[in-house]
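These notes are about the structure you will find just below.
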Amino acid sequence: MDFLNIDVNTLESLGGIHTAREIAQQPMVWREIWSVVHKQKKELGDFLNSADFDKTILTGAGTSAYIGESLVGTFYRHSKDNVSAVPTTNLVSHPYDYLSNDESLLLISFARSGNSPESKAAVELADKISKKCFHLVITCNPVGDLATYKTKGEKYVLTLPKETNDKSLAMTSSYTGMLLSGILIGRLEEIDSLKPQVELASQYAEQILETHLDSIKETASLPFKRAVFLGSGPLLGTATESQLKLQELTDGAIICKEESFLGFRHGPKAVVDGDTLIVYLLSNNKYVSQYEHDLIFAMEKGKKALSQVAIAERLDFDLDVNLSIQYASNGDTLDEEFLTLPSVLPGQLLGFFKSLDQGLQPDEPSSSGAISRVVQGVNIYMLPQSK
């Protein structure tokens, strides 16, 4: 048996068996998650329809927070609710910037373990400050602090398949599993018709794993010292997660940044030099693509990057890049939010192969212990009575 074209014994000796398995299993996990959410469609719908709230906050810490970044547009377009993505790390330090006793709240919490100190503190603060809080918890751990939290309000816990509760430090299956769950819940009334979208996203991911591993591994072996991931709309969340995967799996040896295509022109473009890898996560929305193409063509001016990678469902024009990864082989098209699922795999794989290239163990890349699977050492303080 092997994962990512590396046999299990070798992966175990390299300290990368969990990360490799968890990256490779994602297409299978996504298909299972559709079934899990579909099976609970009525219960989820009853909970959401009975909840009387003024606004929705999508929250989580670190990687889990980036899920909200990708989902804001989906939730707004399909519900027209007042919706925002706010990391628990912001909610805990500045709760009155987001919570009010004049407003009822739907708090959608994403958490792999549910044991991060900020996760529990955020739901407690939401209960304490909001006029009323409805909790929807999406987690990979049914016995975590978040899943078992006793709220005075109403709560629904969606537990994902056990495979999503990653054993490795870096979140891969857990991230995409919770992201897909969020997409499906945001479009719950359409879930029956969304099964082909999940299947197509899974097929695209399988194509990456079967066709592009060698080229991604070769790119990871290049001597870049920094990397930039660019994405628009829901793919900005993907860019944010991709840069974190590469940075944490290399124990900070590769400094990474994310930005939108339009935002990159406004100063951040200055980071590009001969030691930089640039990864373009391209939308399949033709309107959006115009802005993305303009930026890529503008990269010909100024300092040149060491290497450029373009990731897209399909490319209808020539790009002067070093590596082009395309998914589509026919006329099928993913809705833009579903494109976030396969588009994160190249970033995960770059992180995995670069970690090995650096002589690190992908399952536990932090040699100093500076980062850990569940954040440690965070003190939660009593909230003052007044703002």
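Please treat every number below as a calculation from the coordinates, not as lab data. Everything numeric here is computed off the predicted structure, so don't read it as measured data. Heads up, the Cβs are rebuilt from the backbone with ideal geometry, glycines too, and the neighbour counts pull from every protein chain shown.
Descriptive notes on the structure:
- Rounded to the nearest 20 debye, the dipole size of the chain about its Cα centre is 940 debye, using +1 on the Cβ of Lys and Arg and -1 on the Cβ of Asp and Glu.
- In the list (i) 22.1; (ii) 21.3; (iii) 20.6, the label attached to Kirkwood radius over Cα pairs in Å as derived from the coordinates here is (ii).
- Around the Cα centre of segment 211-357, unit charges on the Cβ atoms of Lys, Arg, Asp and Glu (plus for the first two, minus for the last two) sum to a dipole of about 500 debye.
- D2/E190 FRET efficiency (R0 56 Å; Cβ-Cβ; nearest 0.05): 0.90
- For the chain, the membrane-span-like helix rule (DSSP H, alpha carbon extent of at least 20 Å along the helix axis, mean Kyte-Doolittle at least -0.5) picks out 63-79, 191-211, 234-249; this says nothing about an actual membrane.
- In terms of its Cα atoms, segment 284-324 spans 29, 18, 12 Å along the principal axes, sorted from long to short.
- Taking the charge dipole of the chain about its Cα centre, with +1 at Lys and Arg Cβ atoms and -1 at Asp and Glu Cβ atoms, the residue from N101, V86, I216 reaching farthest to the positive side is N101.
- Global geometry of segment 155-270, whether rounded, prolate or oblate, following the gyration tensor of its Cα atoms and the 1.5 cut on a/c: prolate
- Counting every other Cβ atom within 10 Å of each residue's Cβ, S181, S119 order from fewest to most as S181, S119.
- The chain - mean residue ellipticity at 222 nm from DSSP helices (-39,500 (n - 2.57) per run, n ≥ 4, rounded to 500): -13000 deg cm²/dmol
- Inter-centroid distance (Cα atoms) of segment 14-68 relative to segment 193-218, Å: 19 Å
- The antiparallel fraction among DSSP beta bridges confined to the chain stands at about 5%.
- Take the Cα of K162, step 7 Å toward its Cβ, do the same at Q385, and the gap between the two points is 4.9 nm.
- By the beta-carbon count within 10 Å of each Cβ, the least crowded to most crowded order of E43, E300, fewest first, is E300, E43.
- When the convex hull of its Cα atoms is projected in every direction, mean area for segment 86-126 (nm²): 2.8 nm²
- Fewest-first ordering of E154, E313, E22 by other beta carbons within 10 Å of each residue's beta carbon gives E154, E313, E22.
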